[in-house]
Amino acid sequence: MNLLDQHCIHGAAARDPAAIRARLAEVPDWQAIDGTIAREYRFPDYRATIAFVNAIADMAEAENHHPELTVAWLRCTVAYTTHSAGGALSDNDFICAARADAIYKAVHE
């Protein structure tokens, strides 16, 4: 099932390394780093960066799965991990990564 057709579930289980590699193929601009997946997004101006951050916040609230956001001049880094899975990666992280990519694509088309 496509990641965008799924929603986060409470208590999602940690994924094993093979499953993480398979899921990363579905969100190719993301990298696995120290138990998280992360991606940096670039923007033409600061207002566009903040608009993206606000859209991510709305999505995170709707999915009840919240990323770490690092906001800087013309860029935002989004990082996910699942605390309830012991700080490991779960399907929730990949679902939200795909949703973040869709939000970014929508504002850049």
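The values are calculated or read from the model by the stated rules, or taken from the named source; none is laboratory data. Being a predicted model, the structure only gives us computed values, none of them experimental. All Cβ positions, even for glycine, are placed from backbone atoms using ideal geometry, and neighbour counts span all protein chains on display.
For region 59-84, a residue qualifies if it is more than 17 Å from Asp29 (Cα to Cα) and in contact with a Leu (Cβ under 8 Å, 6 or more places away or on another chain), and exactly one does: Thr82.
Going by the structure shown, is Leu89 over 22 Å from Ala32 (Cβ atoms), touching a helix residue (DSSP H, G or I) at 6+ places or on another chain (Cβ under 7 Å) and either charged (D, E, K, R) or touching a residue at least 12 places away in the same chain (Cβ under 8 Å) (or both)?
Numbers: over 22 Å from Ala32 (Cβ atoms): no; touching a helix residue (DSSP H, G or I) at 6+ places or on another chain (Cβ under 7 Å): yes; either charged (D, E, K, R) or touching a residue at least 12 places away in the same chain (Cβ under 8 Å) (or both): yes.
For Leu89, the condition - over 22 Å from Ala32 (Cβ atoms), touching a helix residue (DSSP H, G or I) at 6+ places or on another chain (Cβ under 7 Å) and either charged (D, E, K, R) or touching a residue at least 12 places away in the same chain (Cβ under 8 Å) (or both) - is not met.
Per-residue answers, yes or no, for (1) surrounded by 12 or more Cβ atoms within 10 Å (Cβ to Cβ); (2) touching a helix residue (DSSP H, G or I) at 6+ places or on another chain (Cβ under 6 Å); (3) modelled with pLDDT of 95 or more; (4) more than 16 Å from Cys96 (Cα to Cα):
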position	(1), (2), (3), (4)
Glu26	yes, yes, yes, no
Gly35	yes, no, no, no
Glu40	yes, no, yes, no
Phe52	yes, no, yes, no
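Using the structure shown, decide if Ile56 is buried (at least 17 other Cβ atoms within 10 Å of the Cβ) and either farther than 17 Å from Thr82 by Cβ or in contact (Cβ under 8 Å) with a residue 24 or more places away in the chain (or both). Yes. Considered as a group, the residues in region 83-108 that are crowded, with 23+ Cβ neighbours inside 10 Å and among the polar types (S, T, N, Q) include one that is farthest from Tyr41 (Cα to Cα), and that residue is Ser90. The lone criterion from (1) surrounded by 15 or more Cβ atoms within 10 Å (Cβ to Cβ); (2) of a type outside the set (Lys, Arg); (3) out of contact with any Cys (no Cβ under 9 Å at 6 or more places or on another chain); (4) closer than 25 Å to Gly11 by Cβ left unmet by Pro67 is number (3).
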